[in-house]
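Structure first, commentary second.
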Amino acid sequence: MPIDAVAVCKNAHVADPKRASADDLLILLAVGRSGRFVSAADELGLNHTTISRRITALEHSVGGRLLVRSAAGWELTELGREALAAAETVESAMRTLAGPRGTRSLEGVVRMSATDGFSAYIAAPAAAEVQQRHPLVSVEIVAATRRVTQQRSGLDVEVVVGEPQVHRAEATRLGDYCLGLYGSRDYLATHGSPTTTADLADHPLVYFIDSMLQVDDLDLARTFAPAMRESVTSTNVFVHVEATRAAAGLGLLPCFMADRHDDLIRVLRDDVALVLSYWLVARAETLRRPEVIALLDAIRARMDDQRDVLLGA
C-alpha cells in the first residue's frame, strides 16, 4: 500500500506524541508481515532509516517493544501482535474507503513455502485462480521440502508434510496424499517387475538423499524395503520422477506426480501405499488478511478437486 494513502495521520501523531499514529501502525503492519525493514521500505516507498525511526516512535507511543530481532528477521512481541491487530483494523477501514461496496479488489503480496510437488500442482493453480480474480494480488512460492520454521519472518504461509509442532502459529491439516513405488516401462522390461517386497532387494531405489532429509514423515523407504540400495537420490521430487522415467531404478513417488506419466508403472500397489498429510501453518494475524484468505480458499478447493488424484485412486 503506498504510504501516501496514510499520510493524513501524520499531523495527529505530531500533535499528540502519546497517541499511536495510524501511519506508524501501517508501517508496523508491513514490517510484521515481511519480517524485514528493507522489504517494508520497498513496499511503502520509504527508506530503511524512516522505517526504523517510525517503529521507534510507535514503540514510544505504546510504551514497549513491538519487534525483536531473530535469525530470520524481525519478530513481533506480544505487544507487537496486539498493535498489529490494531493496524489490520486501520487497513480494513482504509480499504472500505477505497471504493463503492462490491467494486473493491484485494491487493498485496502473499508469500508461501511448500514442497516441490505441492507448489507445482496445488499452490500454483490456486495462485493463478486468485490472481485472475484479484489482479492486484501476487503470490510468491518458495519450493522447499523441510520442517516447519519456528521463525516465520518473510513468510505468510507454510505447507509441510506431517503434523508440525508450532509456537505462536496455527496448524491446519489440508488433506492426504499417497506415495507409491514406480518403475519405467523400459526398466521393468529389462529387470523384471517385483511381485513381493522381498524382491525389492534386487532393485535400486530412487528417493531423497538420506543424510539431507529433514522431514521425519518422509523417512519411509526403509520401512518397506530395508535392503534396497540407493540409485539416484535428490532433495527435489521432480528429479525423482525424471530419474525413475530414465530407468535409474524404482522410484518412491507421489502418486499425483507419477500417474501423470504413461511410461511409469506402479508396482506392489497393495504392499507399498504410504499415506502422508499436508499441513498448513500460519500466524493467526496472517490468517485474517483478505488476500491470504482468498489464497487458502483456492488451495482448499484445489485439494478437494484433486483428492482422488492425490491418493492415487
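Inspect region 215-231 for any residue being of a type in the set (A, V, I, L, M), touching a helix residue (DSSP H, G or I) at 6+ places or on another chain (Cβ under 9 Å) and assigned to a strand (DSSP E or B) and give the result as yes or no.
The answer is no, given that none of the residues of region 215-231 is of a type in the set (A, V, I, L, M), touching a helix residue (DSSP H, G or I) at 6+ places or on another chain (Cβ under 9 Å) and assigned to a strand (DSSP E or B).
Condition check ((1) within 24 Å of Leu155 (Cβ to Cβ); (2) at pLDDT 85 or above; (3) surrounded by 15 or more Cβ atoms within 10 Å (Cβ to Cβ); (4) of a type in the set (Asp, Glu)) across all residues:
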{"residue": "Val8", "(1), (2), (3), (4)": "no, no, no, no"}
{"residue": "Ala12", "(1), (2), (3), (4)": "no, no, no, no"}
{"residue": "Gly35", "(1), (2), (3), (4)": "yes, no, yes, no"}
{"residue": "Ile51", "(1), (2), (3), (4)": "yes, yes, yes, no"}
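Can you tell me which residue is nearest to Thr115 (Cα to Cα) among those in region 188-236 that are of a type in the set (S, T, N, Q) and surrounded by 12 or more Cβ atoms within 10 Å (Cβ to Cβ)?
Asn236
Going by the structure shown, is Leu311 over 30 Å from Arg33 (Cα atoms) and in contact with a helix residue (DSSP H, G or I) (Cβ under 6 Å, 6 or more places away or on another chain)?
When the stated conditions are applied, Leu311 does not pass them.
Go through region 58-72 and report how many residues are closer than 13 Å to Val31 by Cβ, of a type in the set (A, V, I, L, M) and surrounded by fewer than 20 Cβ atoms within 10 Å (Cβ to Cβ).
1
Do we find a residue being closer than 22 Å to Thr196 by Cβ, under 24 Å from the mean Cα position of the chain (by Cα) and either of a type in the set (A, V, I, L, M) or buried (at least 21 other Cβ atoms within 10 Å of the Cβ) (or both) anywhere in region 298-312?
Scanning region 298-312, I find no residue that is closer than 22 Å to Thr196 by Cβ, under 24 Å from the mean Cα position of the chain (by Cα) and either of a type in the set (A, V, I, L, M) or buried (at least 21 other Cβ atoms within 10 Å of the Cβ) (or both), so the answer is no.
So, in region 239-252, of the ones that are of a type in the set (A, V, I, L, M, F, W, C) and in contact with a helix residue (DSSP H, G or I) (Cβ under 6 Å, 6 or more places away or on another chain), which residue ends up surrounded by the most Cβ atoms within 10 Å (Cβ to Cβ)?
Leu252
Taking region 257-313 as the region of interest, how many residues are part of a loop (DSSP other than H, G, I, E, B) and of a type in the set (S, T, N, Q)?
Total satisfying the criteria: 1.
The values are calculated or read from the model by the stated rules, or taken from the named source; none is laboratory data. Note that the structure is predicted; figures quoted are calculated from it, not measured. Here the Cβ is made from the backbone with ideal geometry for all residues, glycine too, and neighbour counts use every protein chain on show.
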